[in-house]
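S.K.: To start, I am sharing the structure in question, which I have written as structure tokens.
Just so you know, all these numbers are worked out from the coordinates, no wet-lab data involved. Everything numeric here is computed off the predicted structure, so don't read it as measured data. With ideal geometry, Cβ positions are generated from the backbone for all residues, glycine too; neighbour counts draw on all protein chains shown.
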Amino acid sequence: MIKALLLFSDGLDSLLAGLLLKNQGIKVFPVRFITPFFGWKYKENPEMFYQKTLDVGFEKGLVVDITEEYLEVLKKPKYGYGDFANPCLDCKILMIKLAKNLLGELGCDFIATGEVVGQRPMSQNKQALGLIEKVAGVEGFLLRPLSAKLLAPTIPEAKGLIDREKLLDLQGRQRKTQFELAKKWGLKEIPTPAGGCLLTDPQIGTRVLRVLKEKRPLNYKTAQILCLGRHFFEENLWVVLGRNQEENQRIQKIINVDYALYTLNESAPIACILEGNPPLEFIKELLLKYSPKAKRKLAAGERIECIKL
């Protein structure tokens, strides 16, 4: 039985790439690499991903947290960033390298992705696709089923493990064919075209670039906090406020005892001190700004205090 390791992003393209292989009788093992910037919803609930892959006829998926490796790439990407803090080429190379290491463990014959020639200017032009394959060390063993006919035949194709004629020749940003295939194959829920990366979000991407430029602490926990709350930066100071109860709870859970947490003795956000040692009065004023109820009580003469959690 021929087996393929599929880099599954949750997007439509990688889903269709896997289905093209499955329809040829190939066993598809989907792998979802996650960091706080993409796929993080599966960190505490990998079963959701496993069920999703089983529902479309793939083998049980694999969720792999690559945050530590990814942060090293993010801090100094060899091929630079996209519009914001997204190191697209370096990211893809990292994931392909890690997928290569999983081939033996999963007993797979090759790697497949949902990449489409010309769909993304930075990471999916022909030159970039070739670079990714070469630098990752998987030349001949990386198949892009949606654009295979536009690219050189891979080793699995040359060996007859895959029928090249049943693969596609898609290119560009137009996704008409993808949506037609989704309808043809009766997909009940059509996922978004791509898996989504928060580093391409203007607000979060700009925030991350600032942290990188100013050499502020970027680690497993601060990476998660970067995707939450309101962030306040001053020289040698970085404070984050939760925007609602859910974010307050998430910040508390992430930080635990590693960073100082404060709130008011009245309904208020949680303030997390990621850098610096600001005076209590500074933290109190910041919390009051986003706590109308506490501000009203203070104006009425009631005592409002800043307390450490």
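S.K.: Rounded to the nearest 0.05, what FRET efficiency do Lys289 and Arg173 give with R0 = 41 Å and r taken as the Cβ-Cβ distance? Could you check?
M.R.: It comes to 0.45.
S.K.: Taking a temperature of 20 °C and a viscosity of 1.002 mPa s, what whole-number D in µm²/s does Stokes-Einstein yield for the chain with Rh from Kirkwood over alpha carbon pairs? Each step should come with its number before you reach the end.
M.R.: Numbers: Rh = 21.5 Å.
Rounded to a whole number, D works out at 100 µm²/s.
S.K.: Indicate the gyration tensor shape class of the stretch 236-305 (rounded, prolate or oblate), computed on the Cα atoms with a ≥ b ≥ c the square roots of the eigenvalues: a/c under 1.5 is rounded; otherwise a/b larger than b/c is prolate and the rest oblate.
M.R.: Taking the square roots of the gyration eigenvalues as a ≥ b ≥ c, the stretch 236-305 is oblate.
S.K.: Could you work out the relative contact order of the chain? I mean the mean sequence separation of Cα pairs under 8 Å and 6+ apart, divided by the number of residues, in percent.
M.R.: Working: 511 pairs, mean separation 49.3, N = 309.
It rounds to 16 percent for the chain.
S.K.: Using the number of other C-beta atoms within 10 angstrom as an exposure proxy, rank Lys97, Lys215 with the fewest first. Could you put the intermediate results ahead of the total?
M.R.: On the way: Lys97 15, Lys215 8.
Fewest-to-most ranking of Lys97, Lys215: Lys215, Lys97.
S.K.: Still on this structure, I have one more. Can you sort Met1, Met122, Met48 from fewest to most other Cβ atoms within 10 Å of each residue's own Cβ?
M.R.: Values: Met1 7, Met122 16, Met48 12.
Starting with the residue having the fewest Cβ neighbours, the order is Met1, Met48, Met122.
S.K.: Subtract the Cα-Cα distance of Lys100 and Gln252 from 0.36 nm times their separation in residues, and report this length gain in nm to one decimal.
M.R.: Working: separation 152, 0.36 × 152 = 54.72 nm, distance 3.64 nm.
My answer for the length gained is 51.1 nm.
S.K.: If we restrict to alpha carbons, what Rg and Dmax does the stretch 170-246 come to, in Å?
M.R.: Cα radius of gyration and Dmax of the stretch 170-246 are 18.8, 57 Å respectively.
S.K.: Only Cα pairs under 8 Å and at least 6 apart count here; give the relative contact order of the stretch 3-184 as a rounded whole percent.
M.R.: 23
S.K.: Can you put Val257, Val138 in order, fewest other beta carbons within 10 Å first?
M.R.: Going from sparsest to densest Cβ surroundings: Val257, Val138.
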